[in-house]
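The values are calculated or read from the model by the stated rules, or taken from the named source; none is laboratory data. Please read these numbers as outputs of a predicted model, since none were measured by experiment. With ideal geometry, Cβ positions are generated from the backbone for all residues, glycine too; neighbour counts draw on all protein chains shown. Note: areas computed on protein heavy atoms with side chains; ligands, DNA, RNA excluded. Shrake-Rupley method; radii C 1.70, N 1.55, O 1.52, S 1.80 Å.
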Amino acid sequence: MPVLLHDVLARRAAAHPAAPAFTVDGAGTLDYLGWHRGARRVAAGLAARGLRPGERVVLAFEDGDWLSFAVCFMGVLAAGGVAVPVRAPVPEAHLPATAARVEAAGLVTGGRSEAEAGAFGGWRASAGELTATTRGPAVAGAVGLTGADPAAVILTSGTTGAAKAVLSVHASLVEDWPDEGEDPDEVLSPQANALFTSVAIGTNAAQSVLKSCLVNGVHIVLGQPFAPERLAGLIEEHRVSALSLVPTTARLAVSALRGQGRASSRVRSVVSSSAPLDQPTVAGLAEVFPRAEIFNVYTVAEGGAGLQHRCAPDRPPALGRLGPDARLVDAAGRDVAPGEVGELWLRHTGPALTYLRPSAPSATGTPREAAGAGTPGEGAGTAGAGTRYLPGGWIATGDLCRRDADGLVHFVERADDVIVSGGLNIASATVEAALRSHPAVAEVAVFGVPHAALGRAVVAAVVLTAATAATAPSALRDHCARRLPRDHVPVDVVPVAELPVTPNGKVRKRSLAEWYARAYLEDGRTRTTAARIAGAPAGRRPEPPEQPPGRDAPDRHDELDEAVLAVYRDTLDAERVGRDSDFYRLGGHSLLAVRLAAELERRIGRPVEPATVLRHPRAGDLADALRRVRDNTAH
């Protein structure tokens, strides 16, 4: 019989029963024997509720309830079920909707998450009820599990509004366990030092932590919630020699240790994942952990070889190096040259993972999910289509990167609309769908803006059918809070007259983000909103220093308007233009902005910067901006 993850737990419990497996700061420690016994009780409780092999069980737990979650996760696997972790708390309707989407047989809630369960058609149980089970445990061997059987589902953040569901098999959870030639029955001693992390339940990183604890015998110390001021003490108390962070927690750790005037020589390795590290953060980590190697690690929930790069404080951090298992390709799937930007592809090197695909609707009309990797060739070479499986064992990540002359890969941007905020992937389409459900919201675009701690913060621009008290930014945020997990609620909602779009009708979110940063984040006039973005209380929003994209302006028509309209016609080859004509909608781009600015400068006899054209793409706004410069100069 193959070695499965719950078998590994049983062997560790027999060989090293009192060794610490998980320690949650402020909650206690779970050793291998306690973990194993708890998992067997959960498996027995699931069997008593009629769980059959291959049936899915949603596990809704808050991050502070990690010990109970770990027990229930392993109990589901031991009972032959498929674990579907979900990070709580979530709105009341979210859990039953998720359970219905993955066709879950049951729903297990931990601690305070019980109140958010809402109505659910399958069976429900609390973690406390399952761990109190005293009847005989279910035996995994009795249900005939193999390495090819499904084990867990990770819900990723997609780009179409619904998270993708990645199905992993049992073999993928133990791929690093010794193979048959190395005596798989041998259980190595637990590692003497610990690893500190602060991963969120329901993420790919959380599943990796569970695997590492069991397969490698690593004592995992969890800070939930992450309290950076306690990090130095936890490192010493638990002999932590490695840290697994995301850029957000890395920056918080650096700030806290600097503030305490402390540096730890015990830490020998710092690994950052979820989003790329920046050079200032690498330098800060090198300062507070002077003996540590610092790594950028790039992985996707869909599997793949992944990338890893040792970072140095004196050079821009990379993701890793291209090789036989990593490529950068253009839209046709051809490898790009050094210096060029392409989509990152990774080769799938381990046990095959698949997506759960929608199957026939249920009797209630709810879309169901079926396992499958998708149509061969689907999405190949289509950057912006999100992460997807391709023929030949490749995974297209949906991330755009640049290759340097040494073959190193540098992250440029996500090709889709996912916002990486605080280490979590937030699909902008999910937030947009929630805002669109408000009757007064006609159009919406959600984008990310810079944030000192989170990396990026979620902001929404909305076009309203009517401006009332019910459409105030705070009211629209409350509307989202009733429908979305708290991490997805925009930190700000900004009404605009219209959204800037490309010639094919796609919203220019980068233009919106740049405008928002100029209008609300950059100077003292907008400190109130900047404070709100940072999480502090804020008062009334100040008037923006510039109009948002698409804002209407009073009608004017003088020599500046005539010059701008003429240059728009000639440079953009447009027959009919007016004050409402948009540079981007007419096919404008940065190179055309240079030409347009030069032609305007020739016609009006005053300097015109290309940045002015890009900042004021509407012809009327550009004329107004040039008029303000002229009038100010005249005085």
Selection from the range 323-359 of residues open to solvent by 70 Å² or more (accessible area, probe 1.4 Å) and in a strand (DSSP E or B) yields 335, 341, 347, 357, 358
Select, from 142, 151, 132, the only residue that is modelled with pLDDT under 75 and of a type outside the set (Phe, Trp, Tyr). 142
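When you go through 483, 403, 456 one by one, which is the residue that is basic (Lys, Arg), open to solvent by 20 Å² or more (accessible area, probe 1.4 Å) and under 19 Å from residue 328 (Cβ atoms)? So that I can check it myself, show each step before the final result.
Numbers: 483 fails: under 19 Å from residue 328 (Cβ atoms); 456 fails: under 19 Å from residue 328 (Cβ atoms).
The conditions single out 403.
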Pull out all pairs, ordered by first then second residue, where Cβ-Cβ is under 6 Å, the residues are six or more apart or on different chains, the first lies in the range 339-355 and is touching a residue at least 12 places away in the same chain (Cβ under 8 Å), and the second is assigned to a loop (DSSP other than H, G, I, E, B) and among the small types (Gly, Ala, Ser). 343/383; 354/373
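What helices (runs of 4 or more DSSP H) completely inside the range 43-132 contain at least 1 residues that are touching a residue at least 60 places away in the same chain (Cβ under 8 Å) and over 30 Å from residue 25 (Cβ atoms)? It would help to see each step written out before you state the result.
Details: elements: 66-78, 94-101, 127-131.
It comes to 94-101.
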Going through the range 307-322 in order, the residues found to be of a type outside the set (S, T, N, Q), out of contact with any helix residue (DSSP H, G or I) (no Cβ under 6 Å at 6 or more places or on another chain) and either assigned to a loop (DSSP other than H, G, I, E, B) or more than 21 Å from residue 252 (Cα to Cα) (or both) are 307, 309, 312, 314, 315, 318, 319, 320, 321, 322
Name the pairs: first residue in the range 169-191 and farther than 14 Å from residue 15 by Cα and in a loop (DSSP other than H, G, I, E, B), second residue modelled with pLDDT under 85 and charged (D, E, K, R), Cβ to Cβ under 7 Å, at least 6 apart or on different chains? 178/186
Given (1) under 23 Å from the mean Cα position of the chain (by Cα); (2) in contact (Cβ under 8 Å) with a residue 12 or more places away in the chain, index of the condition residue 280 fails: (2)
What residue, among those in the range 429-442 that are open to solvent by 30 Å² or more (accessible area, probe 1.4 Å) and either of a type in the set (A, V, I, L, M, F, W, C) or without any contact (Cβ under 8 Å) to a residue 60 or more places away in the chain (or both), is farthest from residue 250 (Cα to Cα)? 439
Looking at the range 537-560, can you tell me whether even one residue there is at pLDDT 50 or above and either open to solvent by less than 30 Å² (accessible area, probe 1.4 Å) or within 27 Å of residue 436 (Cα to Cα) (or both)? yes
Here is a check on your reading of the model: is residue 421 closer than 23 Å to residue 519 by Cβ and surrounded by fewer than 16 Cβ atoms within 10 Å (Cβ to Cβ)? no
Of all residues in the range 71-122 being among the aliphatic types (A, V, I, L, M) and farther than 29 Å from residue 144 by Cα, the one that is modelled with the highest pLDDT: 88
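Out of 209, 240, report the one residue that is among the β-branched types (Val, Ile, Thr), farther than 30 Å from residue 354 by Cβ and at pLDDT 90 or above. First the steps, then the outcome.
Details: 209 fails: farther than 30 Å from residue 354 by Cβ.
Within the list 209, 240, the selection yields 240.
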Determine whether the range 25-47 contains at least one residue that is open to solvent by 40 Å² or more (accessible area, probe 1.4 Å) and among the β-branched types (Val, Ile, Thr). yes
Hits in the range 459-478 - residues which are touching a His at 6+ places or on another chain (Cβ under 9 Å) and either among the aromatic types (Phe, Trp, Tyr) or open to solvent by less than 10 Å² (accessible area, probe 1.4 Å) (or both): 462, 471, 476
Consider residue 171 carefully, then state whether it is closer than 27 Å to residue 251 by Cβ and modelled with pLDDT of 75 or more. no
